[in-house]
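A short worksheet on the structure shown next.
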Amino acid sequence: MPSTTYRCSSCLDHTLTREYNVSHFSIRCPNCGEFARFVHAGVLEQYEEFEASPPEELDWERLDRMEKFVVAEKLVRQGNTLEDFEVEVHDEE
């Protein structure tokens, strides 16, 4: 089984490698000491890529941080494409 790298979402410096493939897991980071999510490195890279250059097909700025991670996770780990997503607009009353 191939190994997967995960990066601390708090300090973004420390990485861990595991023999399983999940979107994230939470542990105390040995580098910064925070109990943080370690995010799948590929998911984090996709998220950062979209932050630097938002995709035209998706209203990226409208999404909150967690929604952005969900999109990145579905693209990287589940094989979705940008065409698989819709951003719904809810009128505030």
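The values are calculated or read from the model by the stated rules, or taken from the named source; none is laboratory data. Computed from a prediction, not measured in an experiment: that's the story for all the values here. Here the Cβ is made from the backbone with ideal geometry for all residues, glycine too, and neighbour counts use every protein chain on show.
Among the numbered conditions (1) in a loop (DSSP other than H, G, I, E, B); (2) of a type in the set (Ser, Thr, Tyr); (3) touching a residue at least 24 places away in the same chain (Cβ under 8 Å), tell me where residue 20 comes up short.
In the conditions (1) in a loop (DSSP other than H, G, I, E, B); (2) of a type in the set (Ser, Thr, Tyr); (3) touching a residue at least 24 places away in the same chain (Cβ under 8 Å), residue 20 misses (3) alone.
Would you point out which residue out of 81, 17, 4 is in contact with a strand residue (DSSP E or B) (Cβ under 9 Å, 6 or more places away or on another chain) and either among the basic types (Lys, Arg) or surrounded by fewer than 12 Cβ atoms within 10 Å (Cβ to Cβ) (or both)? Can you show your working first?
Working: 81 fails: in contact with a strand residue (DSSP E or B) (Cβ under 9 Å, 6 or more places away or on another chain); 4 fails: either among the basic types (Lys, Arg) or surrounded by fewer than 12 Cβ atoms within 10 Å (Cβ to Cβ) (or both).
From the options 81, 17, 4, the qualifying one is 17.
Can you pull out the residues in segment 57-83 that are touching a helix residue (DSSP H, G or I) at 6+ places or on another chain (Cβ under 8 Å), over 17 Å from residue 21 (Cβ atoms) and part of a helix (DSSP H, G or I)?
Looking only at segment 57-83, we keep the residues that are touching a helix residue (DSSP H, G or I) at 6+ places or on another chain (Cβ under 8 Å), and these are 57-58, 60, 63, 68-69, 71-77, 80-82.
Applying the additional criterion that residues be over 17 Å from residue 21 (Cβ atoms) yields 57-58, 60, 63, 68, 71, 81-82.
Passing the criteria: 60, 68, 71, 82.
Report, by residue number, each residue of segment 23-37 that is at pLDDT 90 or above, in contact with a strand residue (DSSP E or B) (Cβ under 9 Å, 6 or more places away or on another chain) and in a loop (DSSP other than H, G, I, E, B). Before you say what the answer is, go through the steps one by one.
Of all residues in segment 23-37, those at pLDDT 90 or above come to 25-37.
Subsequent filtering for residues that are in contact with a strand residue (DSSP E or B) (Cβ under 9 Å, 6 or more places away or on another chain) retains 25-32, 34-37.
Once the filter is applied, which keeps residues that are at pLDDT 90 or above, in contact with a strand residue (DSSP E or B) (Cβ under 9 Å, 6 or more places away or on another chain) and in a loop (DSSP other than H, G, I, E, B), segment 23-37 yields 29, 30, 31, 32, 34.
Here's the yes/no breakdown for (1) in contact with a Lys or Arg (Cβ under 9 Å, 6 or more places away or on another chain); (2) of a type in the set (Ser, Thr, Tyr); (3) without any contact (Cβ under 8 Å) to a residue 12 or more places away in the chain:
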| residue | (1), (2), (3) |
| --- | --- |
| 3 | yes, yes, no |
| 26 | yes, yes, no |
| 38 | yes, no, no |
| 47 | yes, yes, no |
| 56 | no, no, yes |
| 63 | no, no, no |
| 74 | no, no, yes |
| 85 | yes, no, no |
